[in-house]
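J.: The structure that follows is given in the form of structure tokens.
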Amino acid sequence: MTETTTSRTDIAATSTAGDKTGSRARAIRNPATGEVIRTIADSTVAEVDEVVRVARAAFESGPWPRLPRSERARYLLRVADAIEASSGMLFQLETRNNGRPITETKAQLSRVPEWFRYNAGLLAAQRDAVLPSDGPYLTYQRRSPLGVCAVITPFNHPLLILARSLSAALATGNTVVIKPSEMTPLTTLALVDILRDAGLPEGVVSVVTGGREVGERLTGHPDIAKVTLTGGTEAGRAAAVATASRFARVTAELGGKTPIVVFDDIDPRVAAEGAAFAAFVAAGQSCVAGSRFLVQRGIYDAFVEALSARASAIRIGDPAQPGTQLGPLISGVQREKVLRLIATGIEEGVRVTAGGGVPDLPAELGDGYYVQPTVLADATMSMTVAREEIFGPVAVVVPFDTEDDAVAMANDNRFGLGAGVWTRDIGRGHRVADRVVAGMVWVNDHHRLEPSLPWGGVKESGAGRDAGQESFDDFTWVKTVVVRTAADDVDWYGSTEPGRLN
């Protein structure tokens, strides 16, 4: 067995990750420099099984699912306060591990406590439904936790995406096994320590580390009642197949090719500034990153010029420095993929109006995985770059003529996670938002999120929703209770009056 992070009997979490060397050692790198930050041992299949066993025992015999709701809510509020108190450490660790600029990391992670407070509030306010019934019956529903839930998180937003699912799963009384991305486990492991210090009962939250083999064992494990996964479409499809065999639940937020529709009634400079944020935040490594910009011909040239100027002015550099606006991609493999897709776009006829390659940076960043913010103009919907998810700082711009054309082009893709509409015509904004097939649509904004907003997609972008009341409810199962309140006895076969049978 690998070493664990447990040290006393009131532990909140068990981890099979440790600083190790050997055949299962995995180097965790700083993508800004390529340097090894820490070495983590991948969990074995046997260790995954043991962690799930402990989590099941904690669910079946431990106090967590049986705590009064008010007490469980207090635990979540304590966790939120503890995360807030540790925020400085978490900001720096996540920036170092996934390369996101520290200003973006602070803006995102400062909101993590909100998810725990929101779900604590839902728990405190939860009401069981009383259902209408004919005759002398009182019918009501009770919600119960599912059991052991697995939360599998990606490299791009490790802590925020974890908080969305973890807070809801804990609030509803489940125990949880987390598998972070093998590239960015460090803030998840730090959160385990925070949970331990908050005093959660033993086995309530556990962590396993590693790659595909660990994820497959977790999603296929017979004792996992629900899987929440954020990742690629193929990983989501595999998880759906694995869970379907035992009728376990799955929530999957998967790939995207987010269309941003820009109409000619808006100032092209204003739209371009919003578009730049949609395309280049997190170096474009977001499932809802604006990657297809459908721009009406009346402002097309002005928009391309404004977006290209903004992209060229973005400050690239060390993500730990507050002046940096764009950091590296997560790995050399991802950088090569993005550069290949840019080259494919050039071969297919796009016009590169900004970026297109690797930036010239100081020597200490020379081994980092950087790509320039790139604008590919004059694309068509048949081109690879307009259809495939790039997952890098690349904006593809396509012209359109009419509103109907824009909607048809926006929907002409296998993904359906997010979409954006930029217009000064509020009626048009509502109209297009209604017609676009996507789980989330922003009008004159992008990436806006709240704990109360359900997050998820349609088509090959996944199934189910994270956050909001929907996520909270989906970590429970519903029992309907029918109570006969009449004073007389029930004797169906001895009665001379016709009865009612449903």
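The values are calculated or read from the model by the stated rules, or taken from the named source; none is laboratory data. Computed from a prediction, not measured in an experiment: that's the story for all the values here. Cβ: placed from backbone, ideal geometry, glycine included. Neighbour counts: every protein chain shown.
J.: Among the residues of segment 56-108, what is the count of those that are over 30 Å from Phe391 (Cβ atoms), touching a Leu at 6+ places or on another chain (Cβ under 7 Å) and in contact (Cβ under 8 Å) with a residue 60 or more places away in the chain?
T.: 5
J.: Now for a separate question. Only one of Pro322, Pro359 is more than 27 Å from Asp445 (Cβ to Cβ), modelled with pLDDT of 95 or more and either of a type in the set (Lys, Arg) or over 23 Å from the mean Cα position of the chain (by Cα) (or both). Can you tell me which?
T.: None of the other options fit; the residue is Pro359.
J.: Does segment 249-275 hold any residues that are among the aliphatic types (A, V, I, L, M) and assigned to a helix (DSSP H, G or I), and which are they?
T.: Val270, Ala271, Ala272, Ala275
J.: Need a quick list: helices (runs of 4 or more DSSP H) entirely within segment 74-173 having at least 2 residues that are within 26 Å of Asp473 (Cα to Cα) and touching a Cys at 6+ places or on another chain (Cβ under 9 Å). Let's see the steps before the verdict.
T.: Values: elements: 87-98, 102-109, 112-125, 158-171.
Qualifying helices (runs of 4 or more DSSP H): 158-171.
J.: Another question, then. Among the listed residues Thr480, Thr380, Thr384, Thr423, identify the single one that is under 30 Å from Arg69 (Cβ atoms) and among the hydroxyl-bearing types (Ser, Thr, Tyr).
T.: Thr480
J.: Any residue in segment 280-290 that is surrounded by fewer than 22 Cβ atoms within 10 Å (Cβ to Cβ), farther than 30 Å from Cys149 by Cβ and modelled with pLDDT of 95 or more?
T.: no
J.: Here's a follow-up. Residue by residue through segment 56-67, note down the ones that are in a loop (DSSP other than H, G, I, E, B) and of a type in the set (A, V, I, L, M).
T.: Leu67
J.: Scan segment 38-53 for residues that are within 13 Å of Glu213 (Cβ to Cβ) and either part of a strand (DSSP E or B) or among the small types (Gly, Ala, Ser) (or both) and report the count.
T.: Qualifying residue count for the region: 2.
J.: Any idea which of (1) in contact with a helix residue (DSSP H, G or I) (Cβ under 7 Å, 6 or more places away or on another chain); (2) assigned to a helix (DSSP H, G or I); (3) crowded, with 22+ Cβ neighbours inside 10 Å is the one Ser70 doesn't satisfy?
T.: Of the numbered conditions (1) in contact with a helix residue (DSSP H, G or I) (Cβ under 7 Å, 6 or more places away or on another chain); (2) assigned to a helix (DSSP H, G or I); (3) crowded, with 22+ Cβ neighbours inside 10 Å, the odd one out for Ser70 is (3).
J.: Which of the residues that make up segment 325-356 are more than 23 Å from the chain's Cα centre (by Cα) and either at pLDDT below 95 or not aliphatic (A, V, I, L, M) (or both)?
T.: Glu336, Arg340, Thr344, Gly345, Glu347, Glu348, Gly349, Arg351, Thr353, Gly355, Gly356
J.: Now for a different question. Is there a residue in segment 422-430 that is surrounded by fewer than 24 Cβ atoms within 10 Å (Cβ to Cβ) and either closer than 28 Å to Ile224 by Cα or in contact with a Cys (Cβ under 8 Å, 6 or more places away or on another chain) (or both)?
T.: no
J.: Please verify whether Val36 is within 29 Å of Gly317 (Cβ to Cβ), at pLDDT 95 or above and either loosely packed, with under 14 Cβ neighbours inside 10 Å or within 26 Å of the chain's Cα centre (by Cα) (or both), treating the condition exactly as stated.
T.: On the way: within 29 Å of Gly317 (Cβ to Cβ): yes; at pLDDT 95 or above: yes; either loosely packed, with under 14 Cβ neighbours inside 10 Å or within 26 Å of the chain's Cα centre (by Cα) (or both): yes.
Yes.
Residue by residue, here is whether (1) touching a Ser or Thr at 6+ places or on another chain (Cβ under 9 Å); (2) over 22 Å from Ala169 (Cβ atoms); (3) at pLDDT 95 or above; (4) in a helix (DSSP H, G or I) holds:
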site	(1), (2), (3), (4)
Asp404	no, yes, yes, yes
Ala419	yes, yes, yes, no
Arg428	no, yes, yes, yes
Val432	yes, yes, yes, yes
Asp445	no, yes, yes, no
Arg448	no, yes, no, no
Asp473	yes, no, yes, yes
Val483	yes, yes, yes, no
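J.: Can you say whether Trp455 is in contact with a Leu (Cβ under 7 Å, 6 or more places away or on another chain), aromatic (Phe, Trp, Tyr), more than 30 Å from Asp264 (Cβ to Cβ) and not assigned by TED's automatic domain parsing to the domain that holds Leu146, as far as the supplied structure shows?
T.: Answer is yes for this residue.
J.: Look through Ala276, Ala289, Ala282 and report the one residue that is within 22 Å of Val407 (Cβ to Cβ) and outside the structural domain of Gly231 (by TED's automatic domain parsing).
T.: Within the list Ala276, Ala289, Ala282, the selection yields Ala289.
J.: Can you pull out the residues in segment 278-337 that are out of contact with any Pro (no Cβ under 6 Å at 6 or more places or on another chain), assigned to a helix (DSSP H, G or I) and farther than 28 Å from Glu35 by Cα?
T.: If the condition is that a residue be out of contact with any Pro (no Cβ under 6 Å at 6 or more places or on another chain), assigned to a helix (DSSP H, G or I) and farther than 28 Å from Glu35 by Cα, then Ala278, Gly298, Asp301, Val304, Glu305, Leu307, Ser308, Ala309, Arg310 are the ones that fit.
J.: When you check Pro393 against the structure, is it surrounded by 17 or more Cβ atoms within 10 Å (Cβ to Cβ) and touching a helix residue (DSSP H, G or I) at 6+ places or on another chain (Cβ under 7 Å), yes or no?
T.: The answer is yes for Pro393.
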